[in-house]
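Undergrad: Sharing a structure with you now.
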Amino acid sequence: TWRPRSSLTARVVTSSRSASLFPWQRAGAERQLWWPRPPPAGAAMFVDQTVPGAAVQSLWRSARNARCEAKSCQTVEVVTAEAAVQSRSSRDVAVQVDGSAVPDIQQGTRVDEGAVLAFLRRVEGVVIKELNKNVTSRAFDGFDVSWTDQNTTVLCLHTLSYPEAQHQHLQVTGVSWNATGSVVACSYGRLNDGDWSTEKSYVCTWNLDRRRLDPQRPDLVVDAPSSVMCLAFHPSQPSLIAGGLFSGEVLVWDTSKPEDPLIWRTGMTDDTHTDPVYQVHWLPDAKHGNHIQLMSASTDGKILVWREERDGRLAVAEGFALVAQQIPRSAQLKKLVWGEVAVGVTSFSFSHFDPHVFIVGVEGGYSLKCSTTADSPAPRRTAGSVPLRAPAELAFSPHSGPLYSLSCSPFHRNLFLSCGTDGRVHLSSMLQTQPLISLQLSTKYLFCVRWSPVRPLVFAVASGEGDVHLFDLEKSSQKPAVSIRQAVNECPVYCLEFNTKQTQLLAAGDAAGTVRVWQLSSDFTEQRPREMNHLEQLVSELTD
């Protein structure tokens, strides 16, 4: 619908959508429909035309800013106060000696130099005579001044254990100190197991000089395929340790190779022991000074000497065998068939004065003096790569039960100790068959005995009642000087070893799987004046 030009506006309501627009949107729409003049004649009713756009000011920012508020807060006023304290009165006191009361010693003393000179000349001959007598005197021979503090008690320094072995109810069957005296090792197994057990066992080591020593976490744990019945550190190489197994094998480990410590083993051959190995001992190789040989003893009656091979195998260098015909006929052996019946070896100990002489203990209770230079052949019972020799030379008076441990004296060439299941300790001489002293210590077994490495008259005994007995023959030859409670509930103590480097330390292992390291008092670690003379005198008296 067109109106004259004088009409002010032309409004068209197109649809309900236009009515629903916002006011500012409808204003723009009305401007778009404004026509300044009617279309020329002949023109089309609808034409295309570009209309400039409308600008609409945004209101959302102003509306948002209008709602912002600024607030602030402040803590309550902090009240402070100052105070001062001062003593009400003070007093100064001074003390001074009276100069007139102190005499001048230097001014008041006069020395008669002539009289002093005459005195020195008068006694000169007597003093020189006494000094010359002291030079030739033997009064202080063997006396060594000790500059260390005196310790009068025996203390437990460490209680070591391996929980995994204790969970398997394994026992400590052996302990040993390494060449430096700082590392102690123990073997786990079962001494009361009478069958061929295939249960694995362990060898554990602890470095006692380690700053953060964990008593229940060994520095090294070595797995063994069978119960480890004994072990021994190398005498000069601190990382080598040998062990004898219940299966009859002998193994050597290198503790400096924790990933694969096993370096030598005997394997299961015709030369291997057929019974448990109860002791191993390192020997110097007389032919090859750089090599070390290893001796093992078993209840199969054989004592074998092993040498290392390049392929990680231990081969037999020489061997010995004990048979019943070498032992005196007595009630203990009447049940055996005389001749070629093997005698089980339970322990041995080498002389500290003759490298060829050693004492052997057997199941029948006897101790035998043996020699590595013996050339008598032993009856061959089994096949082997080397011929076996008969080493026994002399049999000593037996215990009334199997003999468990031997120890030769490091201070006397003929003395040795033995103990066994009869609860007795025998002090014997290699020069006579009867013991010098026989001590009844226990009604139960005695499992281990060791001489002290520093005191000629001191030795230690491990008891089946859970005690470690320390003897000092200078004080008494009939009862121990000190008895240490190692384990509770009469748990047997199976093994013990003195530390030859740190002589105040003694390690003992028990059936509960625990190793205790004891610090001995100075009474057991410091040699007394003339103690060697006392030992010789004691032996002379007992022999007569």
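The values are calculated or read from the model by the stated rules, or taken from the named source; none is laboratory data. Remember, predicted model here, so these are calculated numbers, not experimental data. Methodologically, a virtual Cβ is constructed for each residue, glycine included, from the backbone with ideal geometry; neighbour enumeration extends over all protein chains shown. Note: accessible area is taken over every heavy atom of the protein model, side chains too, but ligands, DNA and RNA are not part of it. Shrake-Rupley method; radii C 1.70, N 1.55, O 1.52, S 1.80 Å.
Undergrad: Whole-Hz ³J(HN,Hα) for each residue in the stretch 445-457, computed from phi via Karplus 6.51 cos²θ - 1.76 cosθ + 1.60 with θ = phi - 60°, x for glycine and proline: what do you get?
TA: 5, 10, 9, 7, 9, 9, 6, 5, x, 10, 10, x, 9
Undergrad: Note down the nm distance, to one decimal, between modelled labels 7 Å out along Cα→Cβ at Phe353 and at Ala374.
TA: A separation of 2.1 nm, rounded to one decimal place.
Undergrad: Bin by bin, in steps of 10 Å, what percent of the Cα pairs in the stretch 452-544 do you find, going until the bin that has the longest distance?
TA: Values per bin, smallest distances first: 16, 44, 29, 10, 1.
Undergrad: Then there's this: In square nanometres, what is one fourth of the surface area of the convex hull spanned by the alpha carbons of the stretch 224-288?
TA: Over every viewing direction, the Cα hull of the stretch 224-288 projects on average to 5.0 nm².
Undergrad: Now for a different question. Taking amide H positions as placed in the peptide plane 1.01 Å from N, state which residues far from Thr346 in sequence (5 or more) or on other chains have amide H under 5 Å from it.
TA: Sorted by chain and number, the residues that satisfy this are Gly361, Val362, Glu363.
Undergrad: Whenever you get a sec, line up Lys369, Lys444 from highest to lowest accessible area (probe 1.4 Å, protein heavy atoms).
TA: Lys444, Lys369
Undergrad: Same structure, new question: Tell me the relative contact order for the stretch 398-510 as a rounded percent, counting alpha carbon contacts under 8 Å between residues six or more apart.
TA: 18 percent
Undergrad: Please report how far the C-alpha centroid of the stretch 169-191 lies from that of the stretch 403-448, rounded to the nearest whole angstrom.
TA: Between the Cα centres of the stretch 169-191 and the stretch 403-448 lies a distance of 23 Å.
Undergrad: Mind running the shape call on the stretch 151-233? Use the C-alpha gyration tensor, a ≥ b ≥ c as the square roots of the eigenvalues: rounded below 1.5 for a/c, prolate if a/b tops b/c, oblate otherwise.
TA: prolate
Undergrad: Show me, for the stretch 515-523, the HN-Hα J-couplings you get by feeding each phi into the Karplus relation (A = 6.51, B = -1.76, C = 1.60, θ = phi - 60°), rounded to Hz, glycine and proline as x.
TA: 10, 10, 9, 9, 9, 7, 6, 5, 4
Undergrad: Something else now. I'd like the FRET efficiency for Ser522 and Val127, computed as 1/(1 + (r/R0)^6) with the beta carbon distance as r and R0 of 30 Å, rounded to 0.05.
TA: For Ser522 and Val127, the calculated efficiency is 0.25.
Undergrad: Same structure again: Ordered by packing density, taken as the mean number of other Cβ atoms within 10 Å over each peptide's residues, highest first, how do 532-539, 249-256, 521-528 rank?
TA: Those peptides, ordered most packed to least, come out 249-256, 521-528, 532-539.
Undergrad: Shifting gears a bit: What list of whole percents do you get for P(r) of the stretch 359-428, with Cα-Cα distances grouped in 10 Å bins up to the one holding the largest distance?
TA: All Cα pairs considered, the percentages come to 19, 42, 29, 10, 0.
Undergrad: For the stretch 456-544, with all protein chains present and a 1.4 Å probe, just round the carbon and sulfur fraction of the accessible area to a whole percent.
TA: 43 percent
Undergrad: Leu213's amide H: which non-local residues (gap 5+, or another chain) put their own amide H closer than 5 Å, with H modeled 1.01 Å from N in plane and none for Pro or chain starts?
TA: none
Undergrad: Hey, another quick one. On the Cα set of the stretch 386-544, report Rg and Dmax in Å, please.
TA: For the stretch 386-544, the Cα radius of gyration and maximum Cα-Cα distance read 15.8, 50 Å.
Undergrad: Which cross-chain or sequence-distant (5 or more) residues have an amide H under 5 Å from the amide H of Thr173, H modelled 1.01 Å from N in plane?
TA: Ser187, Tyr188, Gly189
Undergrad: Still on this structure: Would you mind computing the Rg to Rh ratio of the stretch 490-542 from its alpha-carbon coordinates, Kirkwood style for Rh?
TA: That ratio is 1.14, to two decimals.
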